[in-house]
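Asker: Below you'll find the structure I mean.
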């Protein structure tokens, strides 16, 4: 099963271009130079908001073993180099990991990543459902981490 590792960071508008340039030209090349088997790609999403610029980074991996090769045994811990610390106002200290269920192109062809034994073994038990009210969930967690 393909895994999407998602991490968020926030920069001042003044530092946003510098952070993106650093990630693209320095940090990501060091990741790719490690030749991590199963690392497919890194995506960067950027959103300008009042007062800051938000970044959402997603890395696609073939398996949890590949995620662990990248991040270590504590694979949910964010991997943030010192230069990124300097350029970001705040950031998630943990990354989230999602199953990539389907990838679809404009031509209509779809692919469903296969579920491997590694993925079944790594799948956590379902957490209890918790009511959090409208529009609070992730936004509430972000506000608390500031």
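The values are calculated or read from the model by the stated rules, or taken from the named source; none is laboratory data. Given the structure is predicted, the values throughout are model-derived calculations rather than measurements. Note: ideal-geometry Cβ built from the backbone for every residue, glycine included; neighbour counts use all protein chains shown.
Asker: Can you find, within segment 33-68, the residue that is farthest from residue 17 (Cα to Cα) among those that are more than 15 Å from the chain's Cα centre (by Cα) and either surrounded by 12 or more Cβ atoms within 10 Å (Cβ to Cβ) or modelled with pLDDT under 95 (or both)?
Answerer: 65
Asker: So, one more: Could you please let me know if residue 81 is free of Cβ contacts under 8 Å to residues at least 60 places away in the same chain, in contact with a helix residue (DSSP H, G or I) (Cβ under 7 Å, 6 or more places away or on another chain) and surrounded by fewer than 16 Cβ atoms within 10 Å (Cβ to Cβ)?
Answerer: Yes.
Asker: In this structure, is residue 119 over 30 Å from residue 13 (Cα atoms), modelled with pLDDT of 95 or more and outside any loop (DSSP other than H, G, I, E, B)?
Answerer: Numbers: over 30 Å from residue 13 (Cα atoms): yes; modelled with pLDDT of 95 or more: no; outside any loop (DSSP other than H, G, I, E, B): yes.
Spelling it out, it is not the case that residue 119 is over 30 Å from residue 13 (Cα atoms), modelled with pLDDT of 95 or more and outside any loop (DSSP other than H, G, I, E, B).
Asker: Same structure, new question: Restricting to segment 31-67, and then to whatever is free of Cβ contacts under 8 Å to residues at least 12 places away in the same chain and assigned to a helix (DSSP H, G or I), can you tell me which residue is farthest from residue 5 (Cα to Cα)?
Answerer: Here the answer is 33.
Asker: Can you tell me which residues in segment 68-84 are part of a helix (DSSP H, G or I) and either closer than 19 Å to residue 38 by Cα or touching a strand residue (DSSP E or B) at 6+ places or on another chain (Cβ under 8 Å) (or both)?
Answerer: 68, 69, 70, 71, 84
Asker: May I ask you to list the residues in segment 1-23 that are within 18 Å of the chain's Cα centre (by Cα), in a helix (DSSP H, G or I) and surrounded by fewer than 17 Cβ atoms within 10 Å (Cβ to Cβ)?
Answerer: Result: 20, 21.
Asker: Would you mind telling me which numbered condition in (1) surrounded by 15 or more Cβ atoms within 10 Å (Cβ to Cβ); (2) in contact with a helix residue (DSSP H, G or I) (Cβ under 9 Å, 6 or more places away or on another chain) residue 26 fails?
Answerer: (1)
Asker: Just give me the residues in segment 60-74 being touching a helix residue (DSSP H, G or I) at 6+ places or on another chain (Cβ under 7 Å) and within 13 Å of residue 98 (Cα to Cα), in sequence order.
Answerer: If the condition is that a residue be touching a helix residue (DSSP H, G or I) at 6+ places or on another chain (Cβ under 7 Å) and within 13 Å of residue 98 (Cα to Cα), then 61, 63, 64 are the ones that fit.
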